[in-house]
Amino acid sequence: MSDKIINDGGLVIRHDLIELVEHWAIALSGLLLLVTGIFELPMANRYYITSLPGLSWSGDFITSLYIHYAASVVFIAAAVFHLLYHGILGEGGMIPRRGDFKASIEVMKSFFGKGEEPPFHKYLPEQRLAYVGMAFIIAMLILSGLVKTYKNLYAPDMSLTLVLWATWVHNVFFMIFIMAFVSHIGAILLKPNQPMIRGIFTGTVRLDYARHRHPLWIKEMGPVDEVKKEPGPAREVKMEPGPVDEVKEEIGEDPPLPIVSDAAGKEEEQKEKE
């Protein structure tokens with residue numbers, strides 16, 4: 001985890017490069033799995049998708065199946081890496097906590113102007129709940145997909161009952177995955193959540209947003225670092241020898257008496273006698 005406050009840019013690092021790669025690998029491969037899964041129904045020819053530029057292959061079941069397999073390899077690899085990597089690091093920020101369901105209701109109420117949001121950690125309570133729900137959906141898709149793939153490649157005579165169960169599970173969770181995907185996009189587009197869109201692409205969010213909505217997360221990272229200037233070594237000033245004008249201030253001394261000539265003094269005395 002590389003959460004860090006960047007004061008100079010007014011940003012907070014929310015996701016590191018590995019997390020961004022994980023997210024986009026699962027998102028893009030999952031989207032490709034959805035599209036190729038629809039093409040296998042078949043729907044491409046029925047709805048003239050094959051007439052679109054670059055999608056002429058969509059009407060070929062085998063081509064769509066191979067692309068589906070290739071996308072599933074990326075999808076499964078990213079999901080397994082995610083579990084192992086974050087499990088080894090002991091990161092449990094996305095694991096639901098007690099009170100998350102109640103807090104999620106309060107958050108949704110605040111979207112409609114009823115009440116205020118409580119202070120949050122790095123992740124919102126509904127994000128933690130959605131994470132577990134999505135993890136279960138992905139797990140069921142992977143398990144049922146592996147059964148179907150094993151049947152197609154290695155065991156054509158597999159038990160029909162097992163194949164039917166795997167097909168039903170795969171199709172049902174395929175539809176649930178579509179709804180979850182749409183819900184995920186819809187949630188991120190809500191006005192209070194829009195500042196998080198930046199994090200999906202750059203890994204950072206604004207510091208003012210994080211302080212306002214995720215104060216507990218900011219507190220976990222410790223005090224905000226301030227830019228400090230290290231004192232440098234004392235500078236030694238050398239004075240070159242030369243004429244120096246001295247200015248002397250005499251404080252507390254009587255001012256000098258005016259100088260009066262003798263002639264002026266005798267004239268004054270003569271006037272006084274007269």
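Simple spin-label model, 7 Å along Cα-to-Cβ: His23 to His212 in nm?
Label-label distance for His23 and His212, simple model: 2.0 nm.
Once you sort the root eigenvalues of the Cα gyration tensor of segment 103-156 as a ≥ b ≥ c, which label holds: rounded (a/c under 1.5), prolate (a/b larger than b/c) or oblate (the other case)?
On the way: a/c = 7.85, a/b = 4.15, b/c = 1.89.
Cα axes put segment 103-156 in the prolate bin.
Once you sort the root eigenvalues of the Cα gyration tensor of segment 179-224 as a ≥ b ≥ c, which label holds: rounded (a/c under 1.5), prolate (a/b larger than b/c) or oblate (the other case)? Numbers along the way, then the final one.
On the way: a/c = 2.51, a/b = 2.25, b/c = 1.12.
Verdict is prolate for segment 179-224.
Expressed in nm to one decimal, what extension gain is obtained for the pair Phe201 and Leu84 from 0.36 nm per residue of sequence separation less their Cα-Cα distance?
Details: separation 117, 0.36 × 117 = 42.12 nm, distance 2.33 nm.
That pair, Phe201 and Leu84, stretches by 39.8 nm at full extension.
Taking the beta-carbon count within 10 Å as an exposure proxy, list Asp8, Asp208, Asp3 from fewest neighbours to most. Don't skip to the answer; put the middle values down first.
Values: Asp8 6, Asp208 12, Asp3 16.
Neighbour counts put them in this order, fewest first: Asp8, Asp208, Asp3.
List Asp157, Asp60 from most exposed to least, where exposure is judged by having the fewest other Cβ atoms within 10 Å.
So the residues, fewest neighbours to most, are Asp157, Asp60.
Can you classify segment 17-91 as rounded, prolate or oblate using the Cα gyration tensor, where a ≥ b ≥ c are the square roots of its eigenvalues, rounded means a/c under 1.5, and otherwise it's prolate if a/b beats b/c and oblate if not?
prolate
Pulled fully out, how much extra length does the chain show between Tyr48 and Ile95, if you take 0.36 nm times their separation in residues and subtract their Cα-Cα distance? Before the final figure, lay out the partial values.
Values: separation 47, 0.36 × 47 = 16.92 nm, distance 4.34 nm.
The span from Tyr48 to Ile95 would gain 12.6 nm if fully extended.
Relative contact order for segment 17-91: what percent, with Cα pairs under 8 Å and sequence separation of 6 or more? Intermediate values should be presented prior to the final figure.
Values: 58 pairs, mean separation 27.7, N = 75.
RCO, segment 17-91: 37 percent.
Going down the table (Lys122/Lys219; Lys109/Lys191; Lys4/Lys191; Lys4/Lys122), which pairs top 19 Å between alpha carbons? Display every interim value, and only then the final one.
Numbers: Lys122/Lys219 10 Å; Lys109/Lys191 14 Å; Lys4/Lys191 25 Å; Lys4/Lys122 12 Å.
Beyond 19 Å: Lys4/Lys191.
Which of Val132, Val163, Val12 comes first, and how do the rest follow, when ranked by fewest Cβ neighbours within 10 Å? Working shown, then result.
On the way: Val132 13, Val163 17, Val12 26.
In order of increasing Cβ crowding within 10 Å: Val132, Val163, Val12.
A short reminder: the numbers here are calculations on the coordinates, not readings from a lab. Keep in mind that this is a model prediction, so the values were computed, not measured. Using ideal geometry, Cβ is built from the backbone for each residue, glycine included, and neighbour counts are taken over all protein chains shown.
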